1. Give me the number: length gained by fully extending Asp16 to Thr92, i.e. 0.36 nm times residue separation minus the C-alpha to C-alpha distance, one decimal in nm.
2. Under a 5 Å amide H to amide H cut-off, with H placed in plane at 1.01 Å, what residues pair with Lys267 once short-range neighbours are removed?
3. Report the extension gain between Glu233 and Leu289 in nm, rounded to one decimal, defined as 0.36 nm multiplied by the number of residues separating them, less their alpha carbon distance.
4. Using the number of other C-beta atoms within 10 angstrom as an exposure proxy, rank Asp356, Asp15 with the fewest first.
5. Students often get this wrong, so check it: of Lys144/Lys259; Lys108/Lys130; Lys108/Lys128; Lys144/Lys207, which have C-alpha atoms separated by over 24 Å?
6. Label segment 91-164 by shape, choosing from rounded, prolate and oblate, from the square roots a ≥ b ≥ c of the eigenvalues of the Cα gyration tensor; if a/c is under 1.5 it is rounded, and otherwise prolate applies when a/b is larger than b/c, oblate when it is not.
7. So if we plug the beta-carbon distance of Glu262 and Asp28 into 1/(1 + (r/R0)^6) with R0 = 35 Å, what FRET efficiency do we get, rounded to 0.05?
8. Quickly work out the Ile121-to-Arg333 label distance, labels modelled 7 Å from Cα along the C-beta direction, and quote it in nm with one decimal.
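What follows draws every value from the coordinates through simple rules; no lab data is involved. Everything quoted here is computed from the prediction, not taken from an experiment. Reconstructed Cβ throughout: ideal geometry from the backbone, glycine too, with neighbour counts over all protein chains shown.
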Amino acid sequence: MSVLLLIGVLALGQDDVGPLVERIDETDPAATFDAISRLVDLAAAGADVQAAAEKLPAHLAFYRTAILEELSARDRLGARFPAETRVSIDVTDLNPHDVLRQIAERSKEPIDLGRALLAGIQTPVTLKRKDAPVLALLSELCRKTNLRICMYGGLPTVYRGGGDSPVFQYRNFLLTLSSVQRTRRVRFGLKESRSLLLTLDLVCDSKANVVGRCPLEWAQAVDDQGRVVPMSEEDEPSADDDPPIVNATPPAAVTISLKLPEQGASKLSRLRGAFIARMPAEASRFVLLDLQSGASQADEHFAVELDRIHSANRQISATLRVRPKGPVQDFVRMPMEIRIRTRDGTERLCAGTGRDVEGAVEYVMIRNLMSEDSPAGPAQEPESISILIHRATVERKVHFELTDITLN
């Protein structure tokens, strides 16, 4: 926790726990999770939040569990538990790009300002918030201007289209409902199964300290008739079902498969669940500065080699091989980050799906070097490729809640 945040928390105390607990209410999930976040910070300063949480009534058991899980995660992670960035903003009738720039400057968050993506959008924005989470500000900006936000190249990026989707924001995470689809699956020898597939775009701030994918732990919904909608039994998450060799994919979405709601339901009144966020514990890091075919590095765990690289037309394509000095099947479950840095200092996270090649895993990556409004030139040429392989991680369970999800 930063010194300034700690001073602010210490200015509060045990007397502030009660008013925050009183804000926990099913009718306002946003205010409830904001209170939970503040309670977790108070606990770090010595307040007895656990005792207060345990006294929550039965109908608030979901929130009680969320608080206790967060307190446990903070104890386990210690200094690795991510701090929350809060800022204040007071603007009137400002264009979206300038509002986004102010949020980035005040929060010091590496947000893609998306100048080219926001070109032509002149909707005046009035935004007045005090001590608000940076991701909540981005979400409100998108809602006011019919924009969306996603992770692109490891950065929160704002783009055009659909800013009125249900959202959930808590500390370092923002979930936005991206799609709701009815699916049909027929497996050989088994009866047909139908389900409701929901995709939630996941955005993380720079302090989230999340590596790899964020698998779903559990989920349950209630429809507008008050009927429970459980997870689809055939699609419940399992570690053994992870698709192979996707360890270079950054967190981008949480996928939920529910049983089809009963006839007559027009929406999900409430969707609750939890996903797993993995925090780094032990890692191997490699930085390739000589970007020529055959460039390589190794440690006692892995050897990495740049097989080929090519840049043209604002894009770089590269083929990278990682040879683990242990079983490949152990390596492909380790989260991995591949970043390309250009000569102007810009660094972008690459997604890559690998394939097993004679005991090594080969990744083919394509990355845009610049936005469309950036001039081409030597400054945009690739300078280095860094590879970070997380050999061990610590898990944290993050609870979420969305409301008023319209069914197609």
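1. Details: separation 76, 0.36 × 76 = 27.36 nm, distance 3.24 nm.
Full-extension gain reported as 24.1 nm.
2. Those qualifying (amide H under 5 Å, at least 5 residues apart or on another chain) are Asp224, Leu407.
3. Numbers: separation 56, 0.36 × 56 = 20.16 nm, distance 4.84 nm.
Additional length available on full extension: 15.3 nm.
4. Values: Asp356 13, Asp15 8.
Fewest-to-most Cβ neighbours within 10 Å comes out as Asp15, Asp356.
5. Lys144/Lys259; Lys144/Lys207
6. Numbers: a/c = 1.38, a/b = 1.03, b/c = 1.33.
Cα axes put segment 91-164 in the rounded bin.
7. Numbers: r = 27 Å, r/R0 = 0.79.
Given R0 = 35 Å and the Cβ-Cβ separation, E is 0.80.
8. Calculated label separation equals 4.1 nm.
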